[in-house]
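Here's the structure, in structure tokens; my notes come after.
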Amino acid sequence: QVQLVESGGGLVQVGGSLRLSCAASGRSFSSYVVGWFRQAPGKEREFVAAVDWSGRSTYYADSVKGRFAISKDNARNTVYLQMNRMKPDDTAVYYCAATTVWAPTTITTYNYWGQGTQVTVSS
């Protein structure tokens, strides 16, 4: 099992940047694929980005491709989401999640979830 804790959310202006962190405790992060999802008020939770067990392969939603970057530090048991050129549509609660299989956009494959961190982009 693994426990996940997100941090780094906050208020940022349009065009600004934030870096989210997802720290794991329990089993080593090298055993997991880790994804970031987000949920805006009144909307379903949606996939943002994912990174594989080693940290070498990544996958992004079209809406964030070229603006967001996911990275993984297995030695620190931490995954990061660097968010640049942020837009009001990026406003949401961001969750990290972990799974042992590579099906990055399939939310039901993720077994472990953090509590979420709020990101607000003001215009």
- Subset of the stretch 76-123 (residues that are open to solvent by 60 Å² or more (accessible area, probe 1.4 Å) and in a helix (DSSP H, G or I)): Pro88, Asp89, Ile107, Thr108
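For every residue, the table says whether it meets (1) open to solvent by less than 30 Å² (accessible area, probe 1.4 Å); (2) farther than 26 Å from Ser122 by Cα.
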{"site": "Gly8", "(1), (2)": "no, no"}
{"site": "Ser17", "(1), (2)": "no, no"}
{"site": "Tyr32", "(1), (2)": "yes, yes"}
{"site": "Ser54", "(1), (2)": "no, yes"}
{"site": "Thr58", "(1), (2)": "no, yes"}
{"site": "Ser63", "(1), (2)": "no, no"}
{"site": "Arg67", "(1), (2)": "yes, no"}
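The values are calculated or read from the model by the stated rules, or taken from the named source; none is laboratory data. In this text, all values refer to a predicted model and were calculated from it rather than measured experimentally. The protein model used for the area step is the full one, side chains on, heavy atoms only, and it has no ligands, DNA or RNA in it. Shrake-Rupley method; radii C 1.70, N 1.55, O 1.52, S 1.80 Å.
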